[in-house]
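**Q** The following block contains the structure, expressed as structure tokens.
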């Protein structure tokens with residue numbers, strides 16, 4: 001993704017609140033947290049090409065912010081009120097877990113909504129395929145269809161689900 005793309009600008013803009021909040025959990029000084037947010041934004045802009053579309057932008061941005069916090073901490077090591085590295089790592093890890101949980105929760109909600117949009121026949125096929133011990137071969141035999149036909153149908157359904165999930169997630173982020 002390049003830094004001039006509309007999508008990158010949208011993601012960067014939407015990440016300002018979460019990244020600032022994350023910085024405040026690591027640096028309680030609001031003024032310093034704002035300065036670190038600006039430094040993080042510059043780095044995000046410069047590294048836009050390294051962001052993998054479809055991954056969690058906020059998690060990526062917070063990881064970059066974390067490195068700015070580490071750099072800041074090295075500069076401020078002489079001050080008395082600085083979290084030690086263990087506490088900083090713990091807070092960063094907790095935030096990473098929260099971001100991953102939020103991302104997973106949103107994706108699961110999107111998947112559930114998109115599954116409801118499938119026809120009954122499509123939904124039943126997906127459910128059959130992902131039952132424990134299920135196989136395409138068994139489904140094909142049960143339905144009197146070829147393995148290739150079942151595989152192709154499942155491919156199309158998964159492709160449509162993926163597109164639906166991406167659209168749903170995008171609309172969740174803009175609202």
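**Q** Filter segment 10-23 for residues that are in contact with a helix residue (DSSP H, G or I) (Cβ under 8 Å, 6 or more places away or on another chain) and under 14 Å from residue 98 (Cβ atoms); which is surrounded by the most Cβ atoms within 10 Å (Cβ to Cβ)?
**A** 22
**Q** Please find, among 26, 36, the residue that is without any contact (Cβ under 8 Å) to a residue 60 or more places away in the chain and surrounded by 16 or more Cβ atoms within 10 Å (Cβ to Cβ).
**A** On inspection, the qualifying residue turns out to be 36.
**Q** Moving on to the next point. Note down all Cβ pairs under 7 Å where the first residue falls in segment 44-57 and is without any contact (Cβ under 8 Å) to a residue 60 or more places away in the chain, the second is in a loop (DSSP other than H, G, I, E, B) and exposed (fewer than 10 other Cβ atoms within 10 Å of the Cβ), and they're at least six residues apart or on different chains.
**A** Going by the 7 Å Cβ cut-off, the qualifying pairs are 48/2; 49/2.
**Q** Identify, please: which residue in segment 105-125 is at pLDDT 90 or above and surrounded by 16 or more Cβ atoms within 10 Å (Cβ to Cβ) and is, among those, nearest to residue 55 (Cα to Cα)?
**A** Restricting to residues being at pLDDT 90 or above and surrounded by 16 or more Cβ atoms within 10 Å (Cβ to Cβ), the top hit is 114.
**Q** Kindly indicate whether residue 128 is touching a residue at least 60 places away in the same chain (Cβ under 8 Å), surrounded by 12 or more Cβ atoms within 10 Å (Cβ to Cβ) and closer than 30 Å to residue 55 by Cα.
**A** Here the answer is no, as residue 128 does not meet what is asked.
The values are calculated or read from the model by the stated rules, or taken from the named source; none is laboratory data. Note that the structure is a prediction, hence the values are computed from the model and not measured. With ideal geometry, Cβ positions are generated from the backbone for all residues, glycine too; neighbour counts draw on all protein chains shown.
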